[in-house]
Amino acid sequence: MEDQDSNPAKEVARDVFPFLRVYKDGTIQRLVATESLPPGLDSETNVVSKDVVIFPETGVSARLYLPNEPISRKKLPLVVYYHGGGFFAASTASREYHSALNRIVAASNVILASVDYRLAPENPIPVPYDDAFAALEWIAGAGGGSEPWLRDHADLDRVYLAGDSCGANMSHHFALKLSGSGRALRIRGVAMIHPYFWGKDPIGAWLFVCPSEKGCDDPLINPFVEEGNGSGLQKLGCERVIVVVAGDDILKDRGRLYYEKLVGSGWKGKAEYLETEGKDHVFHIIQPDCEEAKTVFKRLGAFFNDEP
């Protein structure tokens with residue numbers, strides 16, 4: 001990936017500030033979440049991680065996290081996590097995500113699989129959704145049985161979906177997709193952190209990553225439109241949901257609306273809502289050591305362990 005500064009003659013075709021630039025020669029320069037960290041033992045949290053390739057033909061993989069504690073016969077809740085980044089930035093190896101997920105695992109005592117799906121614009125919507133759902137079926141299904149950490153430590157009766165921003169968006173859609181699908185996979189709960197939903201007024205770069213004629217009222221980004229899943233929230237395929245929002249986040253109101261519509265939909269599960277005042281979008285990823293992030297991690301830990 002070539003930096004524009006090293007070649008001033010390169011012409012910019014699209015500048016999606018502050019996330020990436022697309023040059024006229026097709027080169028894509030990502031500007032955020034580009035620093036990677038390797039898996040291994042994290043000395044601060046005593047959490048160990050490793051990478052596993054799920055689908056070699058596409059490169060879809062996952063980074064697995066496990067508390068580095070003495071081996072116990074008790075299996076742990078399995079959290080399948082989808083990172084944010086607007087469908088076009090970040091990865092499981094991004095420094096910000098690796099650091100934050102180590103802390104979530106330490107606070108929750110779970111085994112966590114962070115999915116690395118292909119990114120837009122090289123792979124436009126719905127490719128990230130397709131990758132992420134196929135990875136979920138592999139991790140919590142027969143494919144995961146071939147991976148020792150999942151086979152030996154994951155309780156497949158306690159599978160949770162979680163994600164921030166666009167990852168929360170995907171978690172919502174997958175919980176609906178699994179409802180009444182006849183699949184053996186069952187989801188206990190969904191943790192939606194700063195969910196990326198919107199409506200007819202454009203926000204972010206949705207139109208850049210999704211070549212849809214429906215624009216920002218595409219049901220993928222707006223679950224409340226008539227032809228979308230808004231009227232079907234009562235069919236959400238899980239027992240519990242927690243919606244986490246940040247008080248200064250432009251997406252906060254949509255997250256609150258989702259919670260209110262879910263509660264009023266007739267859905268039989270238990271819904272929780274947590275709002276962090278004075279913080280902005282995905283602050284828990286950017287500042288995982290702040291007190292507010294620790295509060296979010298503690299609440300997530302209680303949620304993943306079915307605590308009140």
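Restricting to segment 217-244, and then to whatever is outside any loop (DSSP other than H, G, I, E, B) and open to solvent by less than 10 Å² (accessible area, probe 1.4 Å), can you tell me which residue is modelled with the lowest pLDDT? Out of the qualifying residues, it is Leu233. Applying the set (1) over 18 Å from Asp164 (Cα atoms); (2) in contact (Cβ under 8 Å) with a residue 60 or more places away in the chain to Tyr97 leaves exactly one unmet item: (1).
The conditions are (1) assigned to a helix (DSSP H, G or I); (2) under 17 Å from Ile111 (Cα atoms); (3) within 15 Å of the chain's Cα centre (by Cα), and Ala191 fails exactly one of them. Which is it? It fails just one condition, (1).
Selection of first residues in segment 244-266 that are under 16 Å from Thr276 (Cα atoms) and of second residues that are in a helix (DSSP H, G or I), restricted to Cβ pairs under 7 Å at least 6 apart or on distinct chains, gives the following pairs, ordered by first then second residue: Val244/Val296; Val245/Lys252; Val245/Gly255; Val245/Arg256; Ala246/Lys252; Ala246/Phe283. When each of Ala168, Ala191, Ala184 is tested for being surrounded by fewer than 16 Cβ atoms within 10 Å (Cβ to Cβ), small (Gly, Ala, Ser) and at pLDDT 75 or above, the lone residue that passes is Ala184.
Remark: Lys298 falls outside the filter, which requires a residue to be assigned to a loop (DSSP other than H, G, I, E, B), open to solvent by 30 Å² or more (accessible area, probe 1.4 Å) and not small (Gly, Ala, Ser).
The number of residues in segment 249-293 that are open to solvent by 60 Å² or more (accessible area, probe 1.4 Å), assigned to a helix (DSSP H, G or I) and of a type in the set (Val, Ile, Thr) comes to 2. The condition of being of a type outside the set (A, V, I, L, M, F, W, C) and outside any strand (DSSP E or B) holds for only one of Tyr97, Tyr81, that being Tyr97. The single condition among (1) over 17 Å from the mean Cα position of the chain (by Cα); (2) over 30 Å from Ile28 (Cα atoms) that Ile139 does not satisfy is (1). A Cβ distance below 6 Å, combined with a sequence gap of six or more or placement on separate chains, defines the contacts here; from segment 30-53, residues that are free of Cβ contacts under 8 Å to residues at least 60 places away in the same chain reach residues that are part of a strand (DSSP E or B) and open to solvent by 50 Å² or more (accessible area, probe 1.4 Å) in the pairs Pro39/Lys50; Pro39/Asp51; Val48/Leu41.
The values are calculated or read from the model by the stated rules, or taken from the named source; none is laboratory data. Every value quoted in this text rests on a predicted model; they were computed, and no experiment measured them. Cβ coordinates were reconstructed from backbone atoms using ideal geometry, including for glycine residues, and neighbour counts include every protein chain displayed. Calculation scope for accessible area: heavy atoms of the full protein, side chains included, ligands and nucleic acids excluded. Shrake-Rupley method; radii C 1.70, N 1.55, O 1.52, S 1.80 Å.
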